[in-house]
Amino acid sequence: MTESDAEEGWFAGVEPDDAEAGARAIREGSVDAPADWPVRAVESGFAADESNYYAKLRAASIRATRDAVTERERADDRQLVHAVRAMDDCESEANELAERVAEWAGTLFADAGTGIEYARELAEREPESPVEERLVALARRVADLADERDDLRSFVERQAPAVAPNLADLAGPVLAARLVALAGGLESLAKMPGGTVQVLGAENALFAHLRGRASSPKHGVIYTHEYVRGTAPEQRGSAARTLSGKLVIAARIDHYSGERKPELKEELDRRMAAIRSRGDDK
């Protein structure tokens, strides 16, 4: 919508029955202040009367909202969120079913094992009875879920550096994807303070702390990062704060410019080396 169109109304140049064009005008247009658009719409022939104008505005607004939601869900960071969540779902289901397979197999075979790898072995077995046939079929489902998990992980490892190159460089592709998922998107992550990012994934512990039932959590999902997990317990809080602060900077650069900044990783490495050296001096 041009400046002159904005003065005339969002419906300027839009056919009365063209909801798609109306939706596009609403999404792309802007105006400093509202005007008496119902009257102008009637005068221009866009609407038969004021009631008809509001009906057309409602239809165009709903269409614009639906288009915006669809566009957002198709964005690369949303696809990364779906992929990492699906990967974790496959992991959880595969492990749960593997336990069921092991328990069932223990009633049939003296050499029954445990875990996904045993389910993979069992999936290759030739069943000798209807009971074994069902057990082997279940084991194959476990193997299929584990294979899908691995394929999804490979996709996440390729996609995360394309969506958030600096965040993936600092956190690793899988942790980067989990942070984006927990935040609800790259934009939301970029707008968070470091302290919030530090405890993402530890919401239950945080709520327990706020109710006075537990101490304040020092970290959430970022604990899986070597710079937190591999740091001495007495320095782990500092490590988590430093890492989360750098991750926020990386997310902001990825969201607002997308420019690759290798120096971020170099600075993080130097800061972490300094933190870890404190324990070595004791």
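Quick notes on this structure:
- Flag for residue 100 being over 30 Å from residue 127 (Cβ atoms) and touching a helix residue (DSSP H, G or I) at 6+ places or on another chain (Cβ under 9 Å): no
- The number of residues in segment 235-282 being free of Cβ contacts under 8 Å to residues at least 24 places away in the same chain, under 23 Å from residue 220 (Cα atoms) and of a type in the set (Asp, Glu) comes to 2.
- Filter pass, residue 252 being in a helix (DSSP H, G or I) and within 15 Å of residue 169 (Cα to Cα): yes
- Residue list for segment 160-174, filter: within 14 Å of residue 82 (Cα to Cα) and either surrounded by fewer than 20 Cβ atoms within 10 Å (Cβ to Cβ) or without any contact (Cβ under 8 Å) to a residue 12 or more places away in the chain (or both): 174
- Residue in segment 117-130 that is surrounded by 22 or more Cβ atoms within 10 Å (Cβ to Cβ) and under 32 Å from the mean Cα position of the chain (by Cα) present: yes
- Residue satisfying condition, being farther than 16 Å from residue 196 by Cβ and of a type in the set (Lys, Arg), within set 241, 271: 271
- Selection count, segment 89-116, where residues are crowded, with 18+ Cβ neighbours inside 10 Å and either modelled with pLDDT under 95 or under 30 Å from residue 185 (Cα atoms) (or both): 3
- Selection from segment 161-170 of residues that are hydrophobic (A, V, I, L, M, F, W, C) and modelled with pLDDT of 95 or more: 167, 168, 170
- Filter result (in contact with a Gly (Cβ under 6 Å, 6 or more places away or on another chain) and not in a helix (DSSP H, G or I)) within segment 76-114: 112
- Evaluated against (1) within 30 Å of residue 23 (Cα to Cα); (2) in contact with a helix residue (DSSP H, G or I) (Cβ under 8 Å, 6 or more places away or on another chain); (3) not polar (S, T, N, Q), residue 58 falls short on exactly one condition, (2).
- Residues being among the basic types (Lys, Arg), in a helix (DSSP H, G or I) and under 28 Å from residue 185 (Cβ atoms) - total across segment 255-281: 2
The values are calculated or read from the model by the stated rules, or taken from the named source; none is laboratory data. What you are looking at is a predicted structure, and each value in this text was computed from that prediction instead of being measured. Positions of Cβ are generated from backbone atoms using ideal geometry, with glycine treated the same way; all protein chains shown enter the neighbour counts.
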